[in-house]
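Below: one structure, written as structure tokens.
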Amino acid sequence: MTVPEAKQAMEQFKMEAANEVGVSLKQGYNGDLTAKQAGSIGGQMVKKMVEDYENRMK
């Protein structure tokens, strides 16, 4: 992270995305996630970022 203040916001964003796709995350290390679970969280985060960008373009 280039902006230290953004770390907490990104953690919250990740937790929200995980909740939306039905993956339980715990604070800290989540090495027990499958690649499919981790990918679904990342994919949801990207989807929400693209939607936000598109909405700002309107």
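The values are calculated or read from the model by the stated rules, or taken from the named source; none is laboratory data. These figures come from a predicted structure and were not determined experimentally. Note: ideal-geometry Cβ built from the backbone for every residue, glycine included; neighbour counts use all protein chains shown. Just the protein is used for accessible areas: all its heavy atoms, side chains included, with ligands, DNA and RNA removed. Shrake-Rupley method; radii C 1.70, N 1.55, O 1.52, S 1.80 Å.
Can you name the residue in the range 1-18 that is modelled with pLDDT under 95 and among the acidic types (Asp, Glu) and, of all such residues, is surrounded by the most Cβ atoms within 10 Å (Cβ to Cβ)?
Checked the range 1-18; the qualifying residue surrounded by the most Cβ atoms within 10 Å (Cβ to Cβ) is 11.
Which ones in the range 24-47 are within 12 Å of the chain's Cα centre (by Cα) and open to solvent by less than 60 Å² (accessible area, probe 1.4 Å)?
Matches in the range 24-47: 25, 38, 39, 40, 41, 42, 43, 44, 45.
Taking residue 3, is it within 12 Å of the chain's Cα centre (by Cα) and assigned to a loop (DSSP other than H, G, I, E, B)?
It is false that residue 3 is within 12 Å of the chain's Cα centre (by Cα) and assigned to a loop (DSSP other than H, G, I, E, B).
Based on what the data block shows, is residue 21 loosely packed, with under 13 Cβ neighbours inside 10 Å and hydrophobic (A, V, I, L, M, F, W, C)?
Considered against the rule, which asks whether it is loosely packed, with under 13 Cβ neighbours inside 10 Å and hydrophobic (A, V, I, L, M, F, W, C), residue 21 comes out as no.
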